[in-house]
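The values are calculated or read from the model by the stated rules, or taken from the named source; none is laboratory data. Just so we're clear, the structure is a prediction, and the values are computed from it rather than from any experiment. Cβ placement follows ideal geometry from the backbone for every residue including glycine, while neighbour counts extend to all protein chains displayed.
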Amino acid sequence: MIEKFKAAGIDITEEQQEQFERLMSFMLDYNKNVNLTRITERDEVIEKHYIDSILPLVHIDVPRGTKICDIGSGAGFPALPMKIYRPDLLFTLVDSLNKRITYLDLACKEIGVSCQLVHGRSEELGRKPQFREQYDFVTARAVAALNVLSEYCLPFVKVGGYFVAMKGAENEVELGSKAIEKLGGKIERVDEYTLPSGDKRCIVLVKKVRATPPQYPRASGVMAKRPL
């Protein structure tokens, strides 16, 4: 596994390799009873879950002790690989399904890391003072279009912080830029890269330049019918 990471420009220790092995074993076993991922082949897990999750930390300067909120954590990607790779980072993992929160709690214990776990819908949590504009970085690795994803995520980012959208392609950026501006953000840059298998990825780095207007985020149904 260390060699596969190194080929992608990521150096991990033997201890971290052991954590990644334990996470894979635990996830695939849990996946037999609770649907967490369709990716179950070892090499694919390493590349599409682990390496893909960590690459933003290679491309972006993230200071020690940074507070990061991962929206829609699901099976724990990108947050858990990031936490293994950078244990100094302070993670809050948000998911709307309690069964995933249960899994994430057990997975954290299995690999020996500590994260704050929050069960709730991001469009509701993003309006609460204890979450709104409280994080240095917010990550999301989701299938939602960038304009919708930004409304879910930017309310959590403090002014001066960043939203990191992990997407499969760059072609959404023009669509998302108007929504991002309305929400108080500005696209700082878009980094494109290729996974070892040849799959294309991009990271959209959005800086929070002013507070998100109080009417956002809207209810999920409204977002779907009238996206920004």
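A single entry from V34, V58 fulfils the requirement of being closer than 18 Å to S73 by Cα and of a type outside the set (K, R): V34.
Figure legend. Inter-residue proximity from the range 188-206: first residues closer than 23 Å to P155 by Cα, second residues of a type in the set (V, I, T) and at pLDDT below 85, beta-carbon distance below 9 Å, spacing 6+ or different chains. Indicated pairs: V190/V173; C202/V173; V204/V173. Does L23 count as among the aliphatic types (A, V, I, L, M), closer than 21 Å to V118 by Cβ, modelled with pLDDT of 95 or more and out of contact with any Phe, Trp or Tyr (no Cβ under 8 Å at 6 or more places or on another chain)? Spelling it out, L23 is indeed among the aliphatic types (A, V, I, L, M), closer than 21 Å to V118 by Cβ, modelled with pLDDT of 95 or more and out of contact with any Phe, Trp or Tyr (no Cβ under 8 Å at 6 or more places or on another chain).
For the range 45-62, residues that are in contact (Cβ under 8 Å) with a residue 60 or more places away in the chain and not polar (S, T, N, Q) total 9. Each residue in the range 10-55 was checked for being touching a Ser or Thr at 6+ places or on another chain (Cβ under 7 Å) and farther than 24 Å from K99 by Cα, and 1 of them qualify.
Scanning the range 21-44 for residues that are in a helix (DSSP H, G or I) and among the acidic types (D, E) turns up E21, D29, D43, E44. Every condition in (1) in contact (Cβ under 8 Å) with a residue 40 or more places away in the chain; (2) among the polar types (S, T, N, Q); (3) within 23 Å of I203 (Cα to Cα) is met by S73 except one, and the failing one is (1). Just give me the residues in the range 58-74 being among the aliphatic types (A, V, I, L, M) and at pLDDT 95 or above, in sequence order. Scanning the range 58-74 gives V62, I68, I71. Just to verify a result, which residue in the range 152-165, among those that are touching an Asp or Glu at 6+ places or on another chain (Cβ under 8 Å) and buried (at least 18 other Cβ atoms within 10 Å of the Cβ), is nearest to I51 (Cα to Cα)? Per the criteria, the residue is Y162.
Restricting to the range 166-190, and then to whatever is at pLDDT 90 or above, among the charged types (D, E, K, R) and closer than 23 Å to M82 by Cβ, can you tell me which residue is surrounded by the most Cβ atoms within 10 Å (Cβ to Cβ)? Taking the candidates together, the pick is E188. Of all residues in the range 152-183, those satisfying the criterion of being in contact (Cβ under 8 Å) with a residue 12 or more places away in the chain, assigned to a loop (DSSP other than H, G, I, E, B) and of a type outside the set (D, E) are G168, A169, L183. Looking for whichever is of a type outside the set (F, W, Y), more than 24 Å from Y193 (Cβ to Cβ) and not in a loop (DSSP other than H, G, I, E, B) here; the options are E18, E47. Which one fits? Of the residues listed, the single one that is of a type outside the set (F, W, Y), more than 24 Å from Y193 (Cβ to Cβ) and not in a loop (DSSP other than H, G, I, E, B) is E18.
When the criteria are applied in full, I12 fails the requirement of being among the aliphatic types (A, V, I, L, M), without any contact (Cβ under 8 Å) to a residue 40 or more places away in the chain and either assigned to a loop (DSSP other than H, G, I, E, B) or closer than 23 Å to C202 by Cα (or both).
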